[in-house]
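Heads up: the structure comes next, in structure tokens.
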Amino acid sequence: MNDFDVFQNVRAKVNAAESAEPSSEELRARFVQDSGAREWNEILASENVAGLEKFLRRDFPRQATLYDSTIHRRAFLKLLGAGLALAGLAACAPPQGEKILPYVEQPERILPGLPLYYTTAMTLGGFATGLLVRSDMGRPTKIEGNPNHPASLGATDIFGQAAILTLYDPDRSQTVLQNGNASTWDAFRAALTNALNAARTSGGAGLYILTPAVSSPTFAAQMDSVYAQFPDAQWHQYEPFNQDNARTGSQLAFREIVQTRYDLARADVILSLDSDFLNAGGGRLRYARDFAARRNVAAGQSDMSRLYAISSTPTLTSTQADNHIALRASLVAGFARAVAAALGVSGVTAPEFENIPANFIPALARDLQAHRGTSLVVVGDEQPPYVHALAHALNDTLGNVGTTVTYSDSVHVNPTDEFASLRALVDDMNAGRVGTLLILGGNPVFDAPVDFDFADALKRVPFSAHLALYADETSRACAWHLPQAHFLETWSDARAFDGTATIMQPLIAPLYNGVSTHEMLSLLTDAAPRASDAIVKAFWQTQAGSDFETRWREALSTGVVPNTTFAARPVSLNTAWIANAPAELPIESYEVIFRPDPTLYDGQFANNAWLQELPKPLSKITWDNIVAVSPATAQRLGFSTTISATGGEHGQVETTEVQVTYKGRTLRAPIWILPGHPNDMVTLYAGYGRTHAGNVGTGAGYNAYALRTANAPWMGAGLSLDDTFQRVSVATTQFHDNMEGRDLVRHATLQEFLQNPNFAQRPEPDISLYPPQNRESPQWGMTINLNSCIGCNACVLACQAENNISTVGKSEVLRAREMHWLRIDRYVEGEGENAQVLHEPVLCMHCEYAPCEVVCPVAATTHSPDGLNEMTYNRCVGTRYCSNNCPYKVRRFNFFQYADWETESLKSMRNPDVTVRSRGVMEKCTYCVQRIRRAKINAEIENRPVRDGEIVTACQAVCPTQAIVFGNVSDPQSRVSQLKADSLNYALLAELNTRPRTTYLAMVRNPNPEI
Amino acid sequence: MSEQIRNPSHSPVVAPGYTFRTVTEKISSIVLKGTPRGWYVGFAICFLLAMMLLVAVTYLFIAGVGIWGINVPVAWAFAITNFVWWIGIGHAGTLISAILLLLRQTWRTSINRFAEAMTLFAVACAALFPILHLGRPYFAYWLIPYPSAMGVWPNFRSPLVWDFFAVTTYGLVSLMFWYVGLIPDLGTLRDRAHNTWAKMAYGLLAMGWRGSAYHWQRYHKSYFLLAALATPLVVSVHTIVSFDFAVAILPGWHSTIFPPYFVAGAIFSGFAMVLTITIPLRAFYHLEDFVTVRHLNAMAKVMLVSGLVVAYGYMTEIFLSWYSGNTFEEFLTQNRVFGPYAALFWVLLLCNVVIPQALWLRRVRTNALLLFIISVLINVGMWVERLVIVVGSLSRDYLPSAWGMFAPTAWDWATFIGTLGLFFALMFLFIRLLPMISMAEMRELVQETQPHATAEAAAKPE
């Protein structure tokens, strides 16, 4: 037979088999006859059973597919075994795209166990704060302020402290998303190229870029090249809490946009017109430092500055006031006019005020007049442009320009009216003129005015992309979402409030393949897209003359670019606007003011558990925002807050849920009574109510942006509050704000202090049954200057970041189990609108005769030879007796396993010098013992005693007002010893004879004696 | 009967007409004859509650003490309240068996056995809590001074370490005292049991008791010695427990009145618990002849007196908070009486001070039902008193900023009620397996009080 015959034969057999399919009965009959033991293969091969295979295929289709595959039983088992073995190997695979190699040569300066510090900066609202970031073996672990940076001077705020948690947040966006589905950078680049090619043909028309406020010089230069290639492209900017009013006010007063800068160190009399300059705006840390320095009577100064604060919502600034008036927001303009009239500014008419003491404004005017050149009028960003312009006129009249007030170029690139800018963009989007929209940061779908309906407008944009840290509300409404690099992951630059530029350098490679805004713009303009470092370096190369490398290195190591501070510039005041005062809002129902949340800001920090759990400075609420009203308003409406029957006072407080109606829109939110809030006025805090923030932030609180409209984004009238007859639980860390007549925050006026410098002193016990304490040097101690403390909470977060303190979540805060080692107690004196709020940071007192040490049955808390009250976690069995016996209640207990031992990214974040605690152990402030020990080791290496000021605790380092001083109390020359010798120095609950090592310097206020 | 009501103190401690044989017969039959249906029902309920404790404790060990309502500032709540309460209940047993024995109070004989059992089980329930309430209960042994390789010792300044010694000593002495007292009766049970297994079990426990004169002589000696040993414990244990509070500097805890006041409170609540158990038991097993009105009357008197000492303690606390002129103490009293936990204070005042005044009336002291109701209320009142001391004081101490309230969770209740279940389940087992009244001592009593009956019995051949 030749090959062809064989083929024919086989073909015939197959055809026969296919045509003749036996029935199951036939088959059964045949097998019954054929009862010999035969293999299946044999049966199938047998020509006798024609059609059997086909039959089997039809009745057992799943098995047939296996039969057909090339893998047979033995091969399958082999592969199975190999697969199992390889599965084990896969567990050892290195992270994708990385090579893990041991150091062949030790890199310079990297010593395992020793941290390195790098300068960088963080921006908020476009203003930079210089930072010094600790890096442990390549992992950024702790953020400090950069002492060289004018907006920091070594301090940071809560947002700077919490940034490290955002960096390692496991909820951060990790992939490119196209319409919600995972995609790749290559796919996006290809799509973008198509869109750009279309835009290029029309000269860039249809290409729109939306950014938050920007102060980066590199970004500005990049935008120039974007315009060069796409002349008709448009750049819009939007921040929900922006400087629009200040800019418009500056245009009114000077016919140009200038940056106003204050010098609080030279200000003797300050009038704050609804400004929170100590806690808001680009210069807040610097202003707080300068302000506190002028009020430091402990240092032997008897001249103090005086702060008059007019506030429409109690703020940290209003709680520092010497004379405070709570005033509805729309009345502040009238107040400013009255002051202007009293000071003789021409063209101003003074309205009448009923609720303000009659002599207040004349006395204030006299005080300002008496300090010409050293007085200062500051206005809040929420106030309308007229008030800003009037403040410029007042400062001009008082001769403050050039001394306490200076003007410079705007720090922001291309400053505009941002609400108008966003309105123009939305109009173009709705008109279909926007072909390509790149949103570089920000979250306009969440925080744009509700009447813009930004999400709806986005539907009319063919190509939209959102670069963001999280796949948030805006990302979900855009066609593309692109993961952004955190500021600690990429190169950039930014300007401080005074114009000083800082190069922001990365501390770590992007964790999730994020890119920076610079790299995004590079995609538009560069044929070969460049990386951030090249872009930033190239820009500064154009700025520097010769010797670029040296200057570059200097700028990186100091954290500031020399000679970039904006010079003061002359301005000429015009007064044409002065008669056009805005009308007071009528008292029809309630006046409303929108403010950023004290801890989440505009909502961008919503997924940061540290900031969520940080008690708001005045309400002490965590994990929620509230509708704030004054006690009288709440009483009139019949709203109340009560301690929950299921535990509370510290923890769970029940409050009325109200329905807030404003301009036809409603929302439901818990009401909260804030002493010091003006009557007939409601404060709404924006930043909560996120729908796509991440696992931490989604769903917490109400969304105030849902009521904010573009024509009145700051304040308005006509809001109504209705009872829903529902009670809601709010998690608060302190509800009782009355000192109950106890001597906890000792305070006096300046006059009282001058008459009796020892007002803070009380007879104290000086005998004890215990043997005298070891006094061998060094003995550590601390003072906290209550006169300097502004209650900004930065120390609370600095402590949390330094000491790996866990967050516990709202459900556990409701049960009074928050873990903060350092808390800021808030007490209220006086009532209603005129209540005075007192802040008092409380941490472990490190008592010499510590009540906790006596009662611990296993000696887990003991005294160290250098005077620390130490906590040995490994020895603790968790009786909690120490906490019961602590009169200051500063001990914190791990009721559950609070520390996250599972999430990989958070492991990298932790301070390697501090134990991560387990369930069932007590913990508390250690005076940052790891920093003490490191300083001691360094001193011993250099064979010298520890220098005064060498050890800086985390809370001390971060404090913008330098209220906290730490040092050796057995050295009479140390700063802390000298402060402790001051007549203002007192110990909390000294009558208990615990002999605390942490003492306080009493508060002195300087109210105008004429009022 | 009417005569008894007039003066129950003079009525006999055993009803007339009993002989050695009838006493033994009556008491041992409860153990050796069949189980009444009521026992099954009662035991089943208590056993289920004890199983609830098992669930609560298992979940506690899995999840941590966070399942309870405790927090900072109120870091101690139900667990410590229960601990103090249970330890207090135990005190009556020791008082009855040891001190009254030394004082030759014949009426103690018919109640001492189960009062001792009650002590033992109460201490067992109490001893659970110091371990359960730990954040890391698996390291509870660190409170024991053992020569650790790291050379670390417990902190001997801490009252919790003293507690450990006090409670362990108390538990061990109570167990020995109870067991030694049981030995002659175990011998009797061995001799009377028909079931082989029961014979072997009682035989082993009787440790070869043959009832010889030597045995009796040594038995009496050791029993009295143990009684003398146990006597100081009645005072010392609750004194040390009170140090947990008195040593602390917390207003409401830091008080020198605490040791005597706690001991009186312990006896008060302990006698209340004895009555709570005796009265139903006496009715159920028809033991009115052994636990007579005289017994009830005597116990009610002890309760009245110790209750008055407790009331004096309350008065002293309130007086001293004013007399000291200390703002924190003054505030504490004000807060206790009118603060958020004021309702608890008024409940304890009602249960512990007002209602027990009814015991001045002989008519009440001899009425079993009224006594039962009063004793249950006193038990509730004493538990609330400890709660007020522990939680009320912690919730509002020195810094108003740290004030916070406590609310129990379902697990708090499950643990507490579970120990009640465990306690009563153990009591049920005890009643069923061991003679709840000392047969040997009852026979002595019969001999002492009714010599003619004894003579009669001796004349009759067995």
>> Which of the helices (runs of 4 or more DSSP H) found entirely inside the range A:260-352 contain at least 1 residues meeting this: over 24 Å from the mean Cα position of the chain (by Cα)?
In response: A:284-293, A:332-342
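Is at least one residue of the range A:521-544 among the charged types (D, E, K, R), more than 35 Å from the chain's Cα centre (by Cα) and within 30 Å of A:GLY154 (Cβ to Cβ)? Quick ask: steps written out before the conclusion?
Step one: of the range A:521-544, the residues among the charged types (D, E, K, R) are A:526, A:530, A:533, A:537.
Next, only the ones that are more than 35 Å from the chain's Cα centre (by Cα) stay: none.
Among the residues of the range A:521-544, not one is among the charged types (D, E, K, R), more than 35 Å from the chain's Cα centre (by Cα) and within 30 Å of A:GLY154 (Cβ to Cβ), which makes the answer no.
Which residue out of A:VAL658, A:VAL682, A:VAL696 is more than 14 Å from chain B (Cβ to nearest Cβ), within 25 Å of A:GLY809 (Cα to Cα) and not in a loop (DSSP other than H, G, I, E, B)? Before you say what the answer is, go through the steps one by one.
Details: A:VAL682 fails: within 25 Å of A:GLY809 (Cα to Cα); A:VAL696 fails: not in a loop (DSSP other than H, G, I, E, B).
Within the list A:VAL658, A:VAL682, A:VAL696, the selection yields A:VAL658.
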> Here are A:GLU519, A:GLU489: which of them is farther than 18 Å from A:ASN148 by Cβ, touching a residue at least 12 places away in the same chain (Cβ under 8 Å) and in a loop (DSSP other than H, G, I, E, B)?
Replying inline: A:GLU489
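Scan the range A:311-334 for residues that are farther than 19 Å from A:GLY830 by Cα and either of a type in the set (Gly, Ala, Ser) or touching a Phe, Trp or Tyr at 6+ places or on another chain (Cβ under 7 Å) (or both) and report the count. Lay out the reasoning, then the answer.
If we filter the range A:311-334 for residues that are farther than 19 Å from A:GLY830 by Cα, which is where we start, we get A:328-334.
With the extra rule that they be either of a type in the set (Gly, Ala, Ser) or touching a Phe, Trp or Tyr at 6+ places or on another chain (Cβ under 7 Å) (or both), the set shrinks to A:329-330, A:333-334.
Adding up the residues that qualify gives 4.
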> For the range A:125-234, which strands (runs of 3 or more DSSP E) that fit wholly inside it have 3 or more residues that are within 23 Å of the chain's Cα centre (by Cα) and hydrophobic (A, V, I, L, M, F, W, C)?
Replying inline: A:127-136
> (1) hydroxyl-bearing (Ser, Thr, Tyr); (2) exposed (fewer than 15 other Cβ atoms within 10 Å of the Cβ); (3) assigned to a helix (DSSP H, G or I): which one isn't true of B:THR256, the others all being true?
Replying inline: (3)
>> Among the residues in the range A:960-972, are any assigned to a strand (DSSP E or B), more than 26 Å from A:CYS852 (Cβ to Cβ), away from every other protein chain (no Cβ under 14 Å) and among the charged types (D, E, K, R)?
In response: no
> Here is a list of conditions, (1) surrounded by 22 or more Cβ atoms within 10 Å (Cβ to Cβ); (2) in contact with a strand residue (DSSP E or B) (Cβ under 9 Å, 6 or more places away or on another chain); (3) farther than 15 Å from A:PRO596 by Cβ, and A:ALA693 meets all of them except one; can you say which number that is?
Replying inline: (2)
> Just checking, how many residues over the range B:392-414 are among the small types (Gly, Ala, Ser), in contact (Cβ under 8 Å) with a residue 24 or more places away in the chain and under 14 Å from B:VAL72 (Cβ atoms)?
Replying inline: 3
>> If B:ALA201 satisfies all but one of (1) in contact with a Leu (Cβ under 8 Å, 6 or more places away or on another chain); (2) part of a helix (DSSP H, G or I); (3) not polar (S, T, N, Q), what's the number of the condition it fails?
In response: (1)
>> I'm checking my understanding of the structure. Among residues of the range A:245-259 that are over 15 Å from A:THR406 (Cβ atoms) and part of a helix (DSSP H, G or I), which one is farthest from the chain's Cα centre (by Cα)?
In response: A:LEU252
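Looking at the structure I just gave you, is A:THR564 among the polar types (S, T, N, Q) and not in a helix (DSSP H, G or I)? Quick ask: steps written out before the conclusion?
On the way: among the polar types (S, T, N, Q): yes; not in a helix (DSSP H, G or I): yes.
Yes, satisfied.
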> Restricting the search to the range A:725-752, which residues are more than 12 Å from chain B (Cβ to nearest Cβ) and over 28 Å from A:THR646 (Cβ atoms)?
Replying inline: A:ARG746, A:HIS747, A:ALA748, A:THR749, A:LEU750, A:GLN751, A:GLU752
>> On the basis of being surrounded by fewer than 24 Cβ atoms within 10 Å (Cβ to Cβ), touching a residue at least 60 places away in the same chain (Cβ under 8 Å), closer than 28 Å to B:THR169 by Cβ and out of contact with any strand residue (DSSP E or B) (no Cβ under 6 Å at 6 or more places or on another chain), does B:ALA75 make the cut?
In response: no
>> Test of understanding: among A:SER572, A:SER630, A:SER589, which residue is modelled with pLDDT under 95, under 30 Å from A:ALA340 (Cα atoms) and crowded, with 23+ Cβ neighbours inside 10 Å?
In response: A:SER630
>> Just checking, does the range A:908-920 include any residue being within 7 Å of chain B (Cβ to nearest Cβ) and more than 35 Å from the chain's Cα centre (by Cα)?
In response: no
> Picking from A:ASP136, A:ASP59, which residue would you name as being charged (D, E, K, R), modelled with pLDDT under 85 and outside the structural domain of A:LYS616 (by TED's automatic domain parsing)?
Replying inline: A:ASP59
> Out of all the residues in the range B:60-83, which are part of a helix (DSSP H, G or I) and within 14 Å of chain A (Cβ to nearest Cβ)?
Replying inline: B:LEU60, B:PHE61, B:ILE62, B:ALA63, B:VAL65, B:GLY66, B:ILE67, B:PHE78, B:ALA79, B:ILE80, B:THR81, B:PHE83
>> Please count how many residues of the range A:387-406 are surrounded by fewer than 22 Cβ atoms within 10 Å (Cβ to Cβ) and touching a residue at least 60 places away in the same chain (Cβ under 8 Å).
In response: 5
> Of the residues B:LEU189, B:LEU134, which single one is away from every other protein chain (no Cβ under 14 Å) and crowded, with 20+ Cβ neighbours inside 10 Å?
Replying inline: B:LEU189
> For the range A:699-725, how many residues meet the condition of being part of a loop (DSSP other than H, G, I, E, B) and out of contact with any helix residue (DSSP H, G or I) (no Cβ under 9 Å at 6 or more places or on another chain)?
Replying inline: 3
> Right, A:SER250: over 20 Å from A:GLY499 (Cα atoms) and polar (S, T, N, Q) or not?
Replying inline: no
> Is one or more of the residues making up the range B:98-115 over 30 Å from B:GLN217 (Cα atoms) and among the hydroxyl-bearing types (Ser, Thr, Tyr)?
Replying inline: no
>> Filter the range B:139-161 down to the residues that are part of a helix (DSSP H, G or I) and either at pLDDT below 90 or more than 9 Å from every other protein chain (Cβ to nearest Cβ) (or both) and list them by number.
In response: B:TYR141
>> So if I check each of A:LEU843, A:LEU822, which one is at pLDDT 95 or above, touching a Phe, Trp or Tyr at 6+ places or on another chain (Cβ under 7 Å) and in the same structural domain as A:ALA935 (by TED's automatic domain parsing)?
In response: A:LEU843
> Taking the range B:1-31, which residues are modelled with pLDDT of 75 or more, assigned to a helix (DSSP H, G or I) and surrounded by 16 or more Cβ atoms within 10 Å (Cβ to Cβ)?
Replying inline: B:PHE20, B:VAL23, B:THR24, B:LYS26, B:ILE27, B:SER28, B:ILE30, B:VAL31
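Pick out, from the range B:347-459, the helices (runs of 4 or more DSSP H) lying fully within it that include 3 or more residues that are within 14 Å of another protein chain (Cβ to nearest Cβ) and out of contact with any strand residue (DSSP E or B) (no Cβ under 8 Å at 6 or more places or on another chain).
Per the criteria, B:410-433.
The values are calculated or read from the model by the stated rules, or taken from the named source; none is laboratory data. Just so you know, these numbers come straight off a predicted model, no measurement behind them. Cβ sites come from the backbone with ideal geometry, for glycine too, and all protein chains shown count toward neighbours.
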